[in-house]
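*Asks:* First the structure, which I've put down as structure tokens, then a few questions once you've had a look.
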Amino acid sequence: MAESMKGLKRTARCAEITEEYIGKTVTLMGWVAKCRNKGGIVFVDLRDRSGIIQIVTESEGADKRWGSLKPESAIAVVGTVRRRSAVNPHMKTGTIEVSPTELRVLSEAQTPPFLIQNGIDTREDLRLRYRYLDLRRPELQHKIMFRAAVVEMIRQFLSGEGFLDIETPTLIKSTPEGARDYLVPSRVHPGEFYALPQSPQLLKQLLMCSGMDRYYQIARCYRDEDLRADRQPEFTQVDMELSFVDQDDVIDINTRLLTYLTGKMPAKMRELEFPEDLIKGIEKAHEELEAHGIGRITWQDAMDFYGSDKPDLRFGMKIIDVSDTVRGCGFGVFTNALENGGVVRGLNVKGSGDMGRKQIDKLTEIAKTYGARGLAYVQLKSDGTVKSSFAKFMTEDEMSALIRAMGGEKGDLLLFAADKFKVVCASLGALRLHLGEELGLIDHNEFRFVWVVDFPLLEWSDEERRFLAMHHPFTMPNEDDWKNIDSDPGSVRAQAYDIVLNGVEMGGGSIRIHMDDVQEKMLEVLGFTPERAQEQFGFLLTAFKYGVPPHAGLAYGLDRMIMLFSGSDSIRDVIAFPKVKDASDLMMDAPSAVDPKQLEELSLKTDVREDADPKGSDS
């Protein structure tokens, strides 16, 4: 039977007990991590979020329940702190232990479905179904505690820079342009709906209209996106907006924020026992940020050299454009791609000239998953011989010129893709990252930041047969390019910027449109009629008539930020209660059917197709 903790007050958390407590009586509360009976002497490891302390009971006069404590039971212990005879250097409390005088079993536990310890090899869906148990594991607890500490650091920095922490509504107007909204039916307005915010974008712009000047928020956001392995339907943004600033101002403040964070993180990470190599990597990144800041690369250069607008700069292997070199050569795959407006580009994989055919075939399959029709290759073998998949179609001079253009040397593997620009970028960019991992070129304890700037304002959608905003419809165009908005919309650059870390977009933002005529023209280019623009964005367009200041902003994905800095493989590791990739919550069994009366009150009826996919457990 569970006992009460009445009359007891916890002295401190387990790992907060130090040698200064030796000889003192303490009251500790936590969970039984381990219980070992060694011939009448019982050793109990008591665990809470701070760590573990050892409780040792001798047989004579001891409470008989000590030897039968079940793992994960919640207990309270009163006892005296004493010095351990055998020091454990791997524990914070390895020099002390507690000799108990009282035990209370506050809640006895059943046998858990998996071991509560670090490094377990248990199916993720099982761990997520019992997430409250999974969160007892120190490695996960430490990541959640690290997340909380980083949020506090962010608040301290932004408050010191004059930002106001302002909450914005989470029941807002649906303005579909981009990902799908999560909709919330209104009971008092039958047939009408709120939307959950994909971001506080329009609201924070309106805060700038109101004169708040500098705003930030740790904001919950929601996007009803198609299934992706490492996306969450609800996520957290570090959201900010500033008035009377330009792009350099926003980049400066956020470079200083990242410098501040990387300077503060190591101490907390050591306290939470993160790997020392990871901590040293962050310390090195901090030194680089203090000395040199963060470099910039244009969107065009990022795509040309790395095949991605979120380039991983921890290793080289840049993509090389050989379109001019092979123009007019005898290889039809190259010439046909160029005649159809495409490009021919390649990767020089240093030291891999002797790679086997099966490995090259595997690389080809990877490229095909990104739209490429195949890969052409040249092997400059270590014995001096040359083997190529297309040599018979080219003259000796053409092949020599191609090898020179690629910087090819004995021992290199040259890989080529020929297709439309987007396809070549996607396929070679993916191959570059794959090879970086396979060949051990990436130091996972290195942190390389870069600002990506000068994005296109618009991108063409073949599916919708119209231009879409690459970021969102409120991004300010490059003033020099705006004159081309009617004649060549695709050439107009945006005043937009992303902060990228190790090949992951950690945050992004832009200068906002603050002129009503530019905003109206932007919506027109995106296919909005004046009536539809007024219907969806009338509140913003009206605000623009009352002296809106030039303003800009940026938002970080907090989950991604913590994942990267904590060395985690998945954002699910740094979210207390994540969902799996089909947007379901395995622990709460959500989403779920609701009582028909609730639907009736909301004036709703469901019409679920019989062939609709059932909720699964694929994580």
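*Asks:* Can you figure out the FRET efficiency of residue 539 with residue 179, using R₀ = 30 Å and their beta-carbon distance, to the nearest 0.05?
*Replies:* 0.90
*Asks:* Arrange the peptides 107-120, 71-84 so that the one whose residues have, on average, the most other Cβ atoms within 10 Å appears first.
*Replies:* Numbers: 107-120: 12.6, 71-84: 17.7.
Ranked by mean Cβ neighbours within 10 Å, highest first: 71-84, 107-120.
*Asks:* I need to check one value: relative contact order of region 118-247, counting alpha carbon pairs closer than 8 Å and at least 6 residues apart, in percent.
*Replies:* 19 percent
*Asks:* When only Cα pairs under 8 Å and 6 or more residues apart are kept, what is the percent relative contact order across the chain?
*Replies:* Numbers: 1135 pairs, mean separation 81.0, N = 619.
It rounds to 13 percent for the chain.
*Asks:* So between residue 515 and residue 132, what do we pick up on full extension, going 0.36 nm a residue minus the alpha carbon distance?
*Replies:* 132.9 nm
*Asks:* Let me ask something additional. Rounded if a/c is under 1.5, else prolate if a/b beats b/c, else oblate: with a ≥ b ≥ c from the C-alpha gyration tensor eigenvalues square-rooted, which is region 348-444?
*Replies:* In terms of gyration-tensor shape, oblate.
*Asks:* In deg cm²/dmol, rounded to 500, what helix-only [θ] at 222 nm does the chain give when every DSSP H run of at least 4 residues adds -39500 (n - 2.57) and the total is split over its residues? Mind dumping the intermediate values first?
*Replies:* On the way: 16 runs with 183 residues, N = 619.
Estimated from H runs of four or more residues: -9000 deg cm²/dmol.
*Asks:* Same structure again: So if we plug the beta-carbon distance of residue 86 and residue 400 into 1/(1 + (r/R0)^6) with R0 = 60 Å, what FRET efficiency do we get, rounded to 0.05?
*Replies:* E between residue 86 and residue 400, to the nearest 0.05, is 0.25.
*Asks:* Next question, about the same structure. Using the Cα gyration tensor of region 125-207, with a ≥ b ≥ c the square roots of its eigenvalues, what is the shape: rounded (a/c below 1.5), prolate (a/b larger than b/c) or oblate (neither)?
*Replies:* oblate
*Asks:* State, to one decimal in nm, how far the label point of residue 387 lies from the label point of residue 12, with both points 7 Å from Cα in the Cβ direction.
*Replies:* That separation, rounded to one decimal, is 6.6 nm.
*Asks:* Given the pairs 38/579; 143/422; 70/143, which span a C-alpha to C-alpha distance of over 32 angstrom in this model?
*Replies:* Long pairs (Cα-Cα over 32 Å): 38/579; 143/422.
*Asks:* Please state the relative contact order of region 140-204 as a whole percent: Cα pairs under 8 Å, 6+ residues apart?
*Replies:* Once divided by the residue count of region 140-204, the mean separation gives 26 percent.
*Asks:* Read through the labelled values [x] -0.45, -1.19; [y] -0.52, -1.27; [z] -0.61, -1.33 and report the label of the one computed as log10 I(q)/I(0) by the Debye sum over Cα atoms at q = 0.07, 0.12 Å⁻¹ from the structure.
*Replies:* [z]
*Asks:* Cross-link partners among lysines for residue 173, C-alpha distance below 18 Å, same-chain residues fewer than 8 apart left out?
*Replies:* Reachable lysines: 204.
*Asks:* Additional query: Compute the FRET efficiency between residue 3 and residue 590 as 1/(1 + (r/R0)^6), taking r as their Cβ-Cβ distance and R0 = 25 Å, and round to the nearest 0.05.
*Replies:* The value I calculate is 0.15.
*Asks:* Under 18 Å between alpha carbons, and skipping anything fewer than 8 positions from residue 9 in its own chain: which lysines qualify?
*Replies:* Of all the lysines, those that pass the test against residue 9 - Cα under 18 Å, at least 8 places apart if same chain - are 24.
*Asks:* Once the dipole of region 147-213 is set up with Lys and Arg at +1 and Asp and Glu at -1 on Cβ about the Cα centre, which of 183, 149, 198 lies farthest towards its positive end?
*Replies:* With unit charges placed on the Cβ atoms, the residue in question is 183.
*Asks:* I've got another one for you. Solvent-accessible area of residue 460, probe 1.4 Å, all protein chains present, reported in Å² to the nearest ten, please.
*Replies:* 100 Å²
*Asks:* How big is the dipole moment of region 143-263 about its Cα centre under a simple scheme where the beta carbon of each Lys and Arg is +1, that of each Asp and Glu is -1, and everything else is neutral? Debye, nearest 20, please.
*Replies:* Charge dipole, region 143-263, about its Cα centre: 460 debye, nearest 20.
*Asks:* Please give the charge dipole size of the chain, origin at the Cα centre, charges +1 on K and R Cβ atoms and -1 on D and E Cβ atoms. Round to the nearest 20 debye.
*Replies:* For the chain, the charge dipole is close to 2500 debye.
*Asks:* Count the lysine pairs in region 251-352 whose Cα atoms sit under 26 Å apart, keeping only pairs 8 or more residues apart in sequence or on different chains.
*Replies:* The number of close lysine pairs in region 251-352 is 11.
*Asks:* Under a Cβ-only charge scheme (Lys and Arg +1, Asp and Glu -1), can you give me the dipole magnitude of region 486-619 about the Cα centre, in debye to the nearest 20?
*Replies:* 460 debye
*Asks:* Still on this structure, please answer the following. Any idea which of 424, 540, 334 is furthest toward the positive side of the dipole for the chain, if Lys and Arg beta-carbons carry +1 and Asp and Glu beta-carbons -1?
*Replies:* The residue sitting farthest along the positive end of the dipole is 424.
*Asks:* With a 1.4 Å probe and every protein chain kept in, tell me what percent of the accessible surface of the chain is carbon plus sulfur.
*Replies:* The value for the chain is 49 percent carbon and sulfur by accessible area.
*Asks:* With unit charges on the beta carbon (Lys/Arg positive, Asp/Glu negative), name the residue among 359, 244, 347 whose Cα is farthest towards the positive pole of the charge dipole of region 238-377.
*Replies:* Comparing the listed Cα positions along the dipole, 359 ranks first.
*Asks:* Tell me which lysines have Cα within less than 18 Å of residue 597's Cα, excluding those fewer than 8 residues away on the same chain?
*Replies:* Output for residue 597: 605.
The values are calculated or read from the model by the stated rules, or taken from the named source; none is laboratory data. Note that the structure is a prediction, hence the values are computed from the model and not measured. Methodologically, a virtual Cβ is constructed for each residue, glycine included, from the backbone with ideal geometry; neighbour enumeration extends over all protein chains shown. Each accessible area value is taken on the protein alone, full model and side chains, heavy atoms only, with ligands, DNA and RNA left out. Shrake-Rupley method; radii C 1.70, N 1.55, O 1.52, S 1.80 Å.
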